[in-house]
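Only one structure is covered here, and it is reproduced in the block below.
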Amino acid sequence: MTDDAAPLTLIGSPGCGSAIVEMALALLGLPHVLEDLPYREPGPGRDRLLALNPTGKVPVLVIPGAAPDGGDLVMTETAAILLHLADLAGPRGAELVPAAGDPLRPVFLRWLVFLVAEIYPAVTVPEHADDAGLAGEPLAGFRAGMQVRRDGLWRMFEAAADPAGPWFLGSRFSAIDLYLVVMSAWAGGRARFARVTPHLGAIAGRARAVPRVAAVLARHGDIQDPLQDGETA
């Protein structure tokens, strides 16, 4: 991506997964503008979001002039966006995504997909379970069961982390560490996350201290677990 290219637009909501993409944009130095929308509140903001992403979820990345017809390209899904941002950043993209041919790339891709395919739904499905008509004791029981499953998945993820290095991939910082920054706050709170998976908690803590990551967190405020009040310690 050239310096004179039109900036990317990241549409997100404070405390949501869009913070992961915002951190990546900041670390890669890609020109961008931010547009915060209340993704669950009815109104013009949600209407705009639904027009871009019918699932009504964030993040949404708009890339000017990148569509096959020359129009704006709309991307969703954090993992897809991160992989594409690494491509746009050229050689610098390897700072977050191991390049093709790097021995760490298959490891990175496996656990990136595990995060978004296994752990992420274990957060979002119970968060929105009331939309499916669950309430009262059935809702509480479902969320408690999903917490047990989520803890098990996080322990699997921790077992895959390099035990010798400061980051998930060992000495190499990557986009996976950005997921840990945000998602550690969604697991019953960061203190609980650190008790369940102490190595991952330490990685998340180190990543939060990276200056550009810390700046994004400051903009988002203290990210809270949407289910924390309803879950057990």
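A few remarks follow.
- GNM flexibility winner over the chain from T197, T124, T55 (Cα, springs under 10 Å): T55
- Within the chain, antiparallel bridges make up roughly 60 percent of the DSSP beta bridges whose residues both belong there.
- For segment 1-51, the fraction of 1.4 Å probe accessible surface lying on carbon and sulfur atoms is 55 percent.
- Backbone N under 12 Å from the D72 label point (7 Å along Cα→Cβ), restricted to segment 14-35: 33-35
- Each Lys and Arg contributes +1 and each Asp and Glu -1, all at the Cβ; summed about the Cα centre of the chain, the dipole is approximately 680 debye.
- Taking each DSSP H run with n ≥ 4 as -39500 (n - 2.57) and averaging over every residue of the chain yields -14500 deg cm²/dmol at 222 nm.
- Axial C-alpha extent at least 24 Å, average Kyte-Doolittle at least -1.0 - helices from the chain (DSSP): 136-160
- Per residue solvent-accessible surface (Å²) - the chain, probe of 1.4 Å: 46 Å²
- Surface composition of segment 143-227: carbon and sulfur make up 60 percent of the accessible area, probe 1.4 Å.
- Annotation: Cα Rg of segment 1-119 relative to the compact-globule expectation 2.2 N^0.38 Å equals 1.09.
The values are calculated or read from the model by the stated rules, or taken from the named source; none is laboratory data. As the structure is a prediction and not an experimental result, all values here were calculated from the model. Positions of Cβ are backbone-derived with ideal geometry, glycine not excepted, and every protein chain shown enters the neighbour counts. Accessible surface is based on the protein model in full, side chains and every heavy atom, while ligands, DNA and RNA are left aside. Shrake-Rupley method; radii C 1.70, N 1.55, O 1.52, S 1.80 Å.
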